[in-house]
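Working notes for the structure below.
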Amino acid sequence: MLTVDFTRFPLAPGDRVLDLGCGAGRHAFECYRRGAQVVALDQNGEEIREVAKWFAAMKEAGEAPAGATATAMEGDALNLPFPDESFDVVIISEVMEHIPDDKGVLAEMVRVLKPGGRIAVTVPRYGPEKVCWALSDAYHEVEGGHIRIYKADELLAKMRESGLKPYGTHHAHGLHSPYWWLKCAFGVDNDKALPVRAYHKLLVWDIMKKPLATKVAEQALNPLIGKSFVAYATKPHLPRTDTRTDAQSPAVDAKAGA
């Protein structure tokens, strides 16, 4: 289940991609399938080991094209172990709402992104997330849980302040908001409640079978109750500074050669 829409966020074979806070690796796997050179980074060592196993299995099964590479590694989002301008693409999905220093994370992403590179940021959407917080303290008051709820304008402003230029937004996972409202209402750890179990079966059916009915329903629900807010941006090229003296200017050079 992807949150980033790759029809709006083009990825070319050979692009060097950082999936920051990759979790179980869903976006990293998709980038690998598309021929990218992927680095999946997370602070959770157990998840990184699982992602590395899946990368190896995908390579063995021939799921990635020739030239694609994939590396899974532990790391700190506030102190990325990469040189400046290392990546063509950075993805950070459902991560920033967990990190106190979100501006620091944005600064690190901008640092390692090449000029002209693209970044995708996804966070829980303000409205559906507010409902979850209102229904359940246990939903967010846990170690490593959500510490803030972003308004769209707030996130976009922080991205601009970091030096990025947003170019598009949308909402995703409209079918998933009611599921989380049910989870919060019946208890986030209570998977036995009948409404929760029934809705979970619907979501699994949707993911496995991809029927037209749920696809149409989600497209209709996304603008209204989409669970995630997705923003795309580029890192602008810096203006070129002409350090030549007047004596070295093209006009003078042309005149001298006349």
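Would you call Asp253 modelled with pLDDT of 95 or more and of a type in the set (Asp, Glu)? So Asp253 fails the test.
Of the residues in segment 90-99, not one is at negative phi, open to solvent by 70 Å² or more (accessible area, probe 1.4 Å) and part of a helix (DSSP H, G or I).
Somewhere in segment 116-125, is a residue open to solvent by 20 Å² or more (accessible area, probe 1.4 Å), under 24 Å from Phe82 (Cα atoms) and not in a helix (DSSP H, G or I)? Scanning segment 116-125 turns up at least one residue that is open to solvent by 20 Å² or more (accessible area, probe 1.4 Å), under 24 Å from Phe82 (Cα atoms) and not in a helix (DSSP H, G or I). Which residues, counting only those in segment 20-39, are among the acidic types (Asp, Glu) and in contact with a Ser or Thr (Cβ under 8 Å, 6 or more places away or on another chain)? Within segment 20-39, no residue meets the criteria. When both residues are 6+ apart or on different chains and their Cβ atoms are under 8 Å apart, which pairs have a first residue that lies in segment 47-70 and is at positive phi, and a second that is surrounded by 15 or more Cβ atoms within 10 Å (Cβ to Cβ) and modelled with pLDDT under 95? Taking only residues 6 or more apart or on different chains, not a single pair turns up.
Yes/no matrix, rows are residues, columns are (1) over 20 Å from Gly23 (Cβ atoms); (2) open to solvent by less than 40 Å² (accessible area, probe 1.4 Å); (3) under 20 Å from the mean Cα position of the chain (by Cα):
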{"site": "Cys132", "(1), (2), (3)": "no, yes, no"}
{"site": "His146", "(1), (2), (3)": "no, yes, yes"}
{"site": "Trp181", "(1), (2), (3)": "yes, no, no"}
{"site": "Cys184", "(1), (2), (3)": "yes, yes, no"}
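Scanning segment 199-243 for residues that are surrounded by fewer than 16 Cβ atoms within 10 Å (Cβ to Cβ), more than 30 Å from Gly117 (Cα to Cα), of a type in the set (A, V, I, L, M) and in contact (Cβ under 8 Å) with a residue 12 or more places away in the chain yields Leu202, Ile207, Ala217, Ala220, Leu224. Among the conditions (1) in a helix (DSSP H, G or I); (2) closer than 24 Å to Gly117 by Cα, Arg49 misses just one, which is (2). Contact annotation: residue pairs with Cβ atoms under 7 Å, 6 or more positions apart or on different chains, pairing a residue in segment 77-89 that is over 18 Å from Lys165 (Cα atoms) and without any contact (Cβ under 8 Å) to a residue 24 or more places away in the chain with a partner that is open to solvent by less than 40 Å² (accessible area, probe 1.4 Å) and in a loop (DSSP other than H, G, I, E, B), are Pro81/Gly75.
Considering segment 157-236, the qualifying helices (runs of 4 or more DSSP H), each wholly inside and each with 1 or more residues that are in contact with a helix residue (DSSP H, G or I) (Cβ under 8 Å, 6 or more places away or on another chain) and under 30 Å from Gly104 (Cβ atoms), run over 176-186.
Taking each residue of segment 6-25 that is within 13 Å of Phe87 (Cβ to Cβ) and touching a residue at least 24 places away in the same chain (Cβ under 8 Å) and looking for partners that are open to solvent by 10 Å² or more (accessible area, probe 1.4 Å) and assigned to a loop (DSSP other than H, G, I, E, B) with beta-carbon atoms closer than 6 Å, six or more apart or interchain, yields Leu11/Arg34; Leu20/Ala77. In segment 164-178, the residues that are more than 30 Å from Val204 (Cβ to Cβ) reach residues that are open to solvent by 20 Å² or more (accessible area, probe 1.4 Å) and assigned to a strand (DSSP E or B) with C-beta atoms within less than 6 angstrom, at least six apart or across chains, in these pairs: Lys165/Thr234.
In this structure, does Val123 turn out to be in contact with a Ser or Thr (Cβ under 9 Å, 6 or more places away or on another chain) and under 30 Å from Glu108 (Cα atoms)? Yes, satisfied.
The values are calculated or read from the model by the stated rules, or taken from the named source; none is laboratory data. Worth saying up front: this structure is predicted, and the values here are computed from it rather than measured. As a convention, Cβ positions derive from the backbone with ideal geometry for all residues, glycine included, and neighbour counts pool all protein chains shown. Just the protein is used for accessible areas: all its heavy atoms, side chains included, with ligands, DNA and RNA removed. Shrake-Rupley method; radii C 1.70, N 1.55, O 1.52, S 1.80 Å.
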